[in-house]
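Working notes, beginning with the structure itself.
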Amino acid sequence: MNTYSHFLMTAALDKGLPRVPIVKKAFLLGSVAPDLPLWFLFTGSIIYYHFLRGWSWEEAFNYIFGELFFQNPVWIGMHNFLHAPIVLLLGIGLLWRSRRKIGSLQRWFFWFFVACLLHSVVDILTHATDGPLLFFPFNWTFRFPSPVSYWEPEYYGNEFSKFEHWLDLVLLIYLLIRPARKLFNRLVANFTNQSQIGTKR
């Protein structure tokens, strides 16, 4: 799914579990961290191939996601490290006993890895041909062939894209309704106070 959708889903999950002692900053960062290496690699490659070497946008894009994404070991390693279920489960397992230590770095990374794992599971289920490597770092080629893709039309990408955007809208409303209500009440209170002051004068 899109990176911002991962963020919204994780933020909604954090809000919906107030009794769970989640480290919010780690949890939210972990929701987008798996995608950050790809964004950096993509941006650098576009600058190099399009702006410096003069390739067309189409040539650069096709080379990046048709060749580098699937064949270049640096790209594969950087993109899949925080998408790898084995790596993330190992990290969670090693930090399990330390997850309750308030203020500890171990607790921070525990929730970071949990969010990364949630991100990875969603991506595994919503990528048909280009999802995370399921057994990385032991296998560098196998991807779960999901019947649904969040973007490929031949795998219900158009339908899923509509669903994703509606889901994002619902999540935004859920996340913003309370802050919006508080802001509205504050504005009403300020307006009321100003009106009372004006009346007294």
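Couple of notes before you dig in:
- Being under 17 Å from the mean Cα position of the chain (by Cα), crowded, with 17+ Cβ neighbours inside 10 Å and at negative phi is a property that holds for Leu82.
Conditions tested, residue by residue: (1) closer than 17 Å to Ile86 by Cβ; (2) among the aliphatic types (A, V, I, L, M).
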residue	(1), (2)
Ala128	no, yes
Phe138	yes, no
Thr141	yes, no
Pro147	no, no
Val170	no, yes
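- For the condition modelled with pLDDT under 95, part of a helix (DSSP H, G or I) and either of a type in the set (S, T, N, Q) or over 30 Å from Tyr155 (Cα atoms) (or both), Arg107 does not qualify.
- Here Gly54 clears all of (1) surrounded by 17 or more Cβ atoms within 10 Å (Cβ to Cβ); (2) of a type outside the set (Ser, Thr, Tyr); (3) assigned to a loop (DSSP other than H, G, I, E, B) except the condition numbered (1).
One line per residue, one yes/no per condition, for (1) under 20 Å from Leu17 (Cβ atoms); (2) modelled with pLDDT under 90; (3) not basic (Lys, Arg):
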position	(1), (2), (3)
Asp123	no, no, yes
Leu134	no, no, yes
Asn139	no, no, yes
Phe163	no, no, yes
Leu167	yes, no, yes
Asn185	no, yes, yes
Val188	no, yes, yes
Thr192	no, yes, yes
Gln196	no, yes, yes
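- Qualifying residues in segment 1-36 (those that are over 12 Å from the mean Cα position of the chain (by Cα) and assigned to a helix (DSSP H, G or I)) - the one surrounded by the most Cβ atoms within 10 Å (Cβ to Cβ): Ala26
For every residue, the table says whether it meets (1) acidic (Asp, Glu); (2) closer than 30 Å to Ile92 by Cα; (3) modelled with pLDDT under 95.
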| residue | (1), (2), (3) |
| --- | --- |
| Leu17 | no, yes, no |
| Lys25 | no, yes, no |
| Pro34 | no, yes, no |
| Ser45 | no, no, no |
| Tyr49 | no, no, no |
| Tyr63 | no, no, no |
| Glu67 | yes, no, no |
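- So Leu183, is it part of a helix (DSSP H, G or I) and loosely packed, with under 12 Cβ neighbours inside 10 Å: yes
The values are calculated or read from the model by the stated rules, or taken from the named source; none is laboratory data. What you are looking at is a predicted structure, and each value in this text was computed from that prediction instead of being measured. Neighbour counts run over all protein chains shown; Cβ positions are idealised from the backbone, glycine included.
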